[in-house]
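First the structure, in the form of structure tokens, and then the observations on it.
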Amino acid sequence: MENNIINASVNGKTTVLGIIGCPVTHSFSPIIHNTIANMNKENTVYVPFEPKPEELSEAVEGAFALKIKGLNVTVPHKVNVMKYLYDVDKKALSIGAVNTLKYTEKGYVGYNTDIIGVKYSLEKYGFDIKNKKVLILGAGGASNACTAMAASEEAKKIYIANRTLSKAQNLKENINKYYDTDIDVLNISDTDNIDNVDIVINCTTMGFGDKKDQTPIENKNFFKEKNVQLVFDAIYTPWETRLLKEASQAGVNTLNGFDMLIYQAIAAQEIWFDKKIDTFTSDTLKNTLSQYYRGNSNE
Ligand code: ATR
């Protein structure tokens with residue numbers, strides 16, 4: 001037998017991690033987590049699982065019986081999985097969605113590392129959201145995470161602007177059950193009427209896919225008029241959305257959603273293994289994977 005067909009990197013001591021979603025084949029998470037394992041020379045492997053909604057309870061029970069140490073959870077299971085958990089972290093509870101499960105002897109504990117991921121992204125950028133005025137565009141899953149982050153990090157004021165006002169109102173009410181943050185809701189077409197804001201966070205899908213020519217902020221003078229310091233777009237395909245391009249042309253700092261993608265994975269690793277990931281590792285990971293991602297996406 002030739003030595004080069006022996007693969008000893010997965011062996012009897014390997015720790016299994018994974019992601020459950022349906023569909024899951026598009027997920028970038030296996031590449032991120034297996035790259036972290038390679039970088040840190042850890043004996044772990046991260047694999048995709050695709051239970052259907054009606055199979056979710058058995059999937060979680062089976063994973064627990066197998067003592068799978070950590071799982072990520074993606075669409076459509078982020079809300080429904082909560083009823084199969086032993087406990088849920090407060091930030092995740094405030095938006096009623098988890099994306100990370102940690103094995104404990106009593107059952108899985110749920111977290112939402114999208115909330116931590118966006119916090120790390122802004123921190124890394126050097127932006128402290130405490131006491132800042134924040135405009136959040138959209139009221140879907142990404143917006144829930146960004147709003148919970150802004151509330152838990154003690155933003156001074158949050159505006160949630162959405163096309164469907166009732167969804168923004170629901171989000172405000174859920175967050176205010178856990179945090180007494182000052183939150184106003186408005187229609188996304190009315191953003192010109194708000195006070196100055198320090199940061200704009202786009203969590204709509206405007207700018208993505210077949211909406212790539214759209215922007216949630218039509219008024220190109222908005223950024224200067226409202227004295228905006230930073231525009232963060234949760235989208236990273238295209239790398240620079242129309243919103244980011246126009247903000248940049250107006251002289252405002254911009255950041256896309258790739259950092260949030262990487263940092264939510266880093267936060268999951270920190271939860272699973274109870275240790276901080278150092279800046280060198282996270283910077284190297286971000287640089288390496290952004291080059292890989294951009295090289296393989298059809299922008
Ligand atoms: P995600 O989980 O990525 O946040 P989502 O839950 O589908 O995605 O949310 C998409 C967000 O983009 C919603 O806030 C949606 O507004 P509605 O709640 O009114 O649907 C917003 N959105 C999508 N297309 C839009 C458009 N053409 N104009 C304005 N808002 C739009």
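Considering (1) under 16 Å from residue 203 (Cβ atoms); (2) not assigned by TED's automatic domain parsing to the domain that holds residue 192, the lone condition that residue 244 does not fulfil carries the number (2).
Looking at 254, 279, 288 in this structure, which one is within 16 Å of residue 38 (Cβ to Cβ) and either among the small types (Gly, Ala, Ser) or out of contact with any His (no Cβ under 6 Å at 6 or more places or on another chain) (or both)?
Working: 254 fails: within 16 Å of residue 38 (Cβ to Cβ); 279 fails: within 16 Å of residue 38 (Cβ to Cβ).
Result of the check over 254, 279, 288: 288.
So which strands (runs of 3 or more DSSP E) stay within region 185-284 end to end and still have 1 or more residues that are open to solvent by 40 Å² or more (accessible area, probe 1.4 Å) and touching a residue at least 24 places away in the same chain (Cβ under 8 Å)?
Values: elements: 199-202, 230-233, 253-255.
Filter on region 185-284 gives 253-255.
This table checks each residue for (1) among the β-branched types (Val, Ile, Thr); (2) at positive phi; (3) over 14 Å from the mean Cα position of the chain (by Cα); (4) at pLDDT below 95.
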residue: 118; (1), (2), (3), (4): yes, no, no, no
residue: 121; (1), (2), (3), (4): no, no, no, no
residue: 126; (1), (2), (3), (4): no, yes, yes, no
residue: 134; (1), (2), (3), (4): yes, no, yes, no
residue: 147; (1), (2), (3), (4): yes, no, no, no
residue: 152; (1), (2), (3), (4): no, no, yes, no
residue: 156; (1), (2), (3), (4): no, no, yes, no
residue: 159; (1), (2), (3), (4): no, no, yes, no
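Note on region 130-141: among residues that are touching a strand residue (DSSP E or B) at 6+ places or on another chain (Cβ under 7 Å) and open to solvent by less than 40 Å² (accessible area, probe 1.4 Å), the one that is farthest from the ligand (Cβ to nearest atom) is 134.
Criterion applied to 194, 188 was being more than 28 Å from residue 89 (Cα to Cα) and more than 9 Å from the ligand (Cβ to nearest atom), and the one residue passing it is 194.
Annotation: of all residues in region 142-161 being within 14 Å of the ligand (Cβ to nearest atom) and surrounded by fewer than 24 Cβ atoms within 10 Å (Cβ to Cβ), the one that is farthest from residue 260 (Cα to Cα) is 159.
Given region 1-117, what strands (runs of 3 or more DSSP E) lie entirely inside it while holding 1 or more residues that are open to solvent by 40 Å² or more (accessible area, probe 1.4 Å) and out of contact with any Pro (no Cβ under 9 Å at 6 or more places or on another chain)? Don't jump to the end; show me each part of the working.
Working: elements: 15-20, 44-49, 70-73, 100-104, 107-111.
Qualifying strands (runs of 3 or more DSSP E): 15-20, 44-49, 100-104, 107-111.
Could you check how many residues of region 38-87 are basic (Lys, Arg) and within 20 Å of the chain's Cα centre (by Cα)?
The initial filter retains those residues of region 38-87 that are basic (Lys, Arg), namely 41, 52, 67, 69, 78, 83.
Now drop any that are not within 20 Å of the chain's Cα centre (by Cα), which leaves 78.
Going through region 38-87 one residue at a time, the tally reaches 1.
The values are calculated or read from the model by the stated rules, or taken from the named source; none is laboratory data. Since the model is a prediction, treat every value here as computed from it, not as a measurement. Positions of Cβ are generated from backbone atoms using ideal geometry, with glycine treated the same way; all protein chains shown enter the neighbour counts. For accessibility, only protein heavy atoms count, side chains too; no ligands or nucleic acids. Shrake-Rupley method; radii C 1.70, N 1.55, O 1.52, S 1.80 Å.
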